[in-house]
Structure formats: structure tokens, C-alpha cells
Amino acid sequence: MSGGLGDQHPPRPEGEHAHAAGGRSRDGIRLGRIAGVPVYLAYSWFLIAGFTVIVYGPTLQLRQPQLGAGAYLVAFAYAVLLLISVLVHELAHALSARAFGWPSQKIVLNLWGGHTQFESYTASPGKSVVVALAGPAANLVLAGGAWVLVNSVSLHGVADILANIFMWANFLIGLFNVLPGLPLDGGRLVESAVWKVTGSQEKGTIAAGWAGRVVVAGVVFLGILLPLLQGQGLDISFTLVTVLIAAFLWQGASASIRNAGFRSRLPQVIAGRLAAPAVGVPNFASVEQAVQAGAGRGNVVVLCAPDGKPQGVVDPAAIARVPHEAWASTPVTAVGYALAPGAYVPETAAGQELVQYLSQLQGTEYAVVDASGLVVGLLSQRAVVAAISGRPPR
């Protein structure tokens, strides 16, 4: 099963991945490049391959006793054919996206099929649908080619088994992926329709995510509840596969809804708006000067180097432990703690750019400066997370 368009994250530096074919990386085993797109085989694929051999092997051996233990090899070949089918599916996504100028960063083949990850691009409802449906269309073309082969050539034994498996697998992959709900490719139809009407891709994604949850309900009803209502027994292997597919689809649909919510809130993530008011004082000032500058009025006091760059933050609790008569002689650095190197941002920094920048910094607090470089606020990681998630800071 394919994850359709897959995750669309900013690209990582190429140096983070193994370069040689057959090399290893966090994405899995690099198989090489196809049409310029790196292809990785995730380690999780071996789980589904093993599951296929264990479940399908005995069934095939029972139906084709002449195969003997070779039935398990045929079952493994079945898993490989599924892998090839998914690879063609993802390549169709990548190549159709390239036609619109969307660069593909990589293809990852994994437990649930695979996904194509794109670099930065500008999407539109129509282009999104074309790229999404290119994958299922490729599988239906493969199924049609296999049907022609099966009906025009006299195949026997293992060749006949694998040809029929390849035909039906691609037909079902293509058909299943056009169901109208994310994370399936057909979900892009719902997303694009709502996007076109409302002008908001996020609203389209949320609608397609809920449609995906409806698809899950349909899968569970048809695969499990309906047989029970009809008084039929449940096949353990089929039921397990149904539950796994339903869990995968529910997780993907929920992630789509959640991520769309994040994207819709990103424009409101502005450093100056989320920061607590703050003033800057030189790091050679005294506690008394820090209190006069702002600590006594409830403002956060940020310690700055001689060049004006933020270095630390004054701790009000530490000031309270210093006797009042010692304020003038106590250096402010004695009641402060350090900020991470470079932990300051412009007050106009916003959205995904701000989030990505903060993710590269150490620490959980960041000074906010105005256009002239003066400290105007202190931004906490909790405030940013709360703004993105829509939940109050803890």
C-alpha cells in the first residue's frame, strides 16, 4: 500500500545520507537512483516480507502441493513483486511532480508501501490531484499489462502464479489508493475540491483527513463486522491484515488533520507577539541597575555583551535572595543564567522560518530584538509550541 504523496519536509543536507548504492542511512538501505531520485528500502519492509512468507507460504503450499518447500520462495517472490509495484507507484508520483517543477528528494519503500518526499514547491489543487493519481494510474497500467500477458501467453506453474499475483496486486493497489480519504492518494481529490472552494489547503486537508477516517470505518465494517453479522467465522490472517491496514489509515488520517492544524496556525507564530516584554542591560551592570531597568516592574531583564548581543537572563528569584543593601555592589551576572549561543531572533521572525531556526538552537529561551538590535522580549519554547498546537502553555 502506498502512502501517496507522502511527507513533504524540507530537504536534509545530502551529506547525512549514505551515497553508495547499497549504503545505509536513517531511511534504510539505499538501492541507488532511478531517474535521478534516490531510492531507499526501509528496514521495516523486511517485516512485511516476512509476514507475507509466513502467511501466504502455507496457503500456497496447500493449494499447490507440487511446490513443496518452494512455496515459501514463491511467497517471497510475491513480496518482491509487491515491492516493485509500489516502486513504480512512487516513481509515477515523482515523475509527474517533476513535470510541474516539483523536485523529489527521495523515495522510501517501507512497511506500508512507500512514500515520495518532495523538496520545497508551490502546489495548486489541480496539480496536486494529477500527481496523486499518477501512482494508482501506474498500478492499473501494470495490472492491464499483466492481464494481457496472462490471456495471451500460455503460462504454467510458478510463472502463472506470479503473473496472476502481479496482476491482482496492482489492480487492488490502484483501486484501493483512489478511495477518497487521506492518507490514500484519492484523499487528494477531496483535499483539492475543498481547497478550490474555500481557497484554503489546510481546510481541504482536514476534510480529506476526516474522509480518511470514514474510509477506515468502511474497511472495518466490510472486513470484520459484516462477516460477523452474517454469522461467518473470521479468518485470523485476513482479520489481522484488516486491523493493521485500518490502524495505518487511521494514523495517517489523524496525522493529516493534525498537521493541517499546525500549518493553519503557523502564520500566527510571530516572535514579537509571543515574547514576554523584556529590556536589555549590559552584563557589567549591578543588580540595582537591573532592577531599575525593568526587573522591578515585572519585565524580563536580558543580559547583553558589550556589542549588544544577548547573552543571558536575570533570574528574579535570585535577585530576591540578594540583600537590598548589597544590590549596588552585586554584579548582575551573579543573578543570571546563560542563553544558548546565538539564541536571539528578530521580533518580525514568523512562521515556518522561525520554527526551523529555533529548532537548530540549543536551550529553550530566546531573546527577541527589534530592527535596531535592542532587546524587546524573551521568547520561550513553550510559548511557540503552544501557539502551533493551539493548546495553552504548560
*Which residue pairs have Cβ atoms under 7 Å apart, sit 6 or more places apart or on different chains, and have a first residue in region 274-296 that is over 18 Å from Val369 (Cβ atoms) and a second that is of a type in the set (Phe, Trp, Tyr)?*
Ser286/Trp327; Val287/Trp327; Glu288/Trp327; Val291/Trp327
*asked:* Contact list please: Cβ distance under 8 Å, first residue in region 161-179 and surrounded by fewer than 19 Cβ atoms within 10 Å (Cβ to Cβ), second residue acidic (Asp, Glu), pairs at least six apart or on different chains.
replied: none
*Does Gly223 satisfy the criteria of being open to solvent by less than 40 Å² (accessible area, probe 1.4 Å), within 26 Å of Thr52 (Cβ to Cβ) and of a type in the set (Gly, Ala, Ser)?*
yes
_Quick check on region 232-261: of everything there that is over 15 Å from Gly181 (Cβ atoms) and among the hydroxyl-bearing types (Ser, Thr, Tyr), which residue is modelled with the lowest pLDDT?_
Ser237
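Every residue, every condition in (1) closer than 16 Å to Ala42 by Cα; (2) at pLDDT 95 or above; (3) surrounded by fewer than 17 Cβ atoms within 10 Å (Cβ to Cβ); (4) among the β-branched types (Val, Ile, Thr), yes or no:
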| site | (1), (2), (3), (4) |
| --- | --- |
| His89 | no, yes, no, no |
| Trp102 | no, no, no, no |
| Leu111 | yes, no, no, no |
| Gly114 | yes, no, no, no |
| Ser128 | no, no, no, no |
*Could you look through region 371-381, keep only residues that are touching a residue at least 40 places away in the same chain (Cβ under 8 Å) and in a loop (DSSP other than H, G, I, E, B), and pick out the one that is farthest from Leu303 (Cα to Cα)?*
Gly373
*asked:* So the check is Cβ under 7 Å with 6+ separation or different chains; which pairs have a first residue in region 382-394 that's under 15 Å from Pro267 (Cβ atoms) and a second one that's assigned to a loop (DSSP other than H, G, I, E, B) and at pLDDT below 90?
replied: none
*Which of the residues spanning region 349-382 are among the hydroxyl-bearing types (Ser, Thr, Tyr) and either surrounded by 14 or more Cβ atoms within 10 Å (Cβ to Cβ) or on the phi > 0 side of the Ramachandran plot (or both)?*
Tyr357, Thr364, Tyr366, Ser380
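The values are calculated or read from the model by the stated rules, or taken from the named source; none is laboratory data. All values derive from a computational prediction rather than experimental measurement. Please note: Cβ atoms are built from the backbone with ideal geometry, for glycine as well, and neighbour counts cover all protein chains shown. When the accessible area is computed, the model is the full protein with side chains, heavy atoms only, and any ligands, DNA or RNA have been set aside. Shrake-Rupley method; radii C 1.70, N 1.55, O 1.52, S 1.80 Å.
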